[in-house]
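This report concerns only the one structure given below.
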């Protein structure tokens, strides 16, 4: 398994400087953003000429691989929400947003193919997250499931043509946000190989889920992993709850994102379960910890996680030693 870096953590730096930083600290991979107007990767340019070859050569020169292309914002508007909630991603009508999101996700798969990257990470969206509660319209969630199959089924057909997998990241305000909805999504998609998950334990632990359960239940469908932690703040949670409002830096919050090792995620158990299901790809560090700098995070994360990695599986008991 490799420890990777999601380069969107450092969008204010030139991509080569980020690659140099990651490589120098011992990271083995980079996950690169694919949403429009980001300075690290223009997917429109990648699918033209020799731009893909140049980027592959640059990344390889630093001893790294590209683990995934990430397009969370544009995937979000395939299923919503619409209106002003997502105007920052693309401003238009509901139909225009769906069309834009669909086209951009397909273009991301095309760019991944050109770069020989096997997976795209992102969100599938959710028109109204409040529909998890069956009042006042009990069929609201199942209606969104129908839209999920219709809209994402067409996108995944193109992913299949390009030989790329899509890894949805279970998260608040997504149609798939916990173990049950993940299992249901796999069923809805008929188990097709193009659809799986980007496992980010920080996005699950706030619900009180033992994140090891997600790994075991979705074995074979975890295509990528985010190395991000979340802290259920014990002295605040009984007052604020685990889904609190307000500024992320507010002292009274019941939940906050952290870097690995500084939150509530049991990383030894997570790595153990990933090993047992045969996951041997990348854990990509994403910085959303408002308590410390990105520089603190990138140094502390690799120092914490790298010693925990299991290098080789158990060889089996040698009974000769016990005779």
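Computed from the coordinates by the stated procedures, all read-outs in this text should not be read as laboratory data. None of the values given here were measured: they were computed from a predicted structure. Ideal geometry is used to build each Cβ from the backbone, glycine not excepted, and the neighbour counts take in all protein chains shown.
Computed from the C-beta positions of residue 291 and residue 234, the FRET efficiency with R₀ = 22 Å rounds to 0.90. Separation of segment 215-245 and segment 250-288, taken as the distance between their Cα centroids, equals 8 angstrom.
Per residue of the chain, the DSSP helices (runs of n ≥ 4 H) give a summed -39500 (n - 2.57) that works out to -12000 deg cm²/dmol at 222 nm. Of the peptides 134-146, 11-23, 272-284, 63-75, the order by per-residue mean of other Cβ atoms within 10 Å, starting with the highest, comes out as 63-75, 272-284, 11-23, 134-146. When each of the peptides 203-214, 38-49 is scored by how many other beta carbons lie within 10 Å of its residues on average, the order from highest to lowest is 203-214, 38-49. Could you let me know the centre-to-centre spacing of segment 1-24 and segment 118-169, using Cα atoms, in angstrom? Result: 30 Å between the Cα centres.
Determine the gain in length on full extension of the stretch residue 213-residue 128; use 0.36 nm per residue of separation and subtract their C-alpha separation, reporting nm with one decimal.
Full-extension gain reported as 28.0 nm.
Computed over the chain with a Gaussian network model linking Cα atoms closer than 10 Å, the most mobile of 182, 217, 227 is 217.
If I take R0 = 35 Å and measure r between the Cβ atoms of residue 309 and residue 146 in this structure, what FRET efficiency does the formula 1/(1 + (r/R0)^6) give, to the nearest 0.05? Don't skip to the answer; put the middle values down first.
Working: r = 41 Å, r/R0 = 1.19.
In this case the efficiency is close to 0.25.
Note the full-extension length gain between residue 62 and residue 248 as 0.36 nm times their separation in residues minus their Cα-Cα distance, in nm to one decimal.
Full extension of this stretch gives 63.5 nm more.
For the pair residue 277 and residue 50, a Förster radius of 30 Å applied to the C-beta separation gives a FRET efficiency near 0.20, rounded to the nearest 0.05. Taking N as the residue count of the chain, its C-alpha radius of gyration divided by 2.2 N^0.38 Å amounts to 1.00. A simple spin-label model places the labels of residue 268 and residue 16 4.4 nm from each other, with each point 7 Å out along Cα-to-Cβ.
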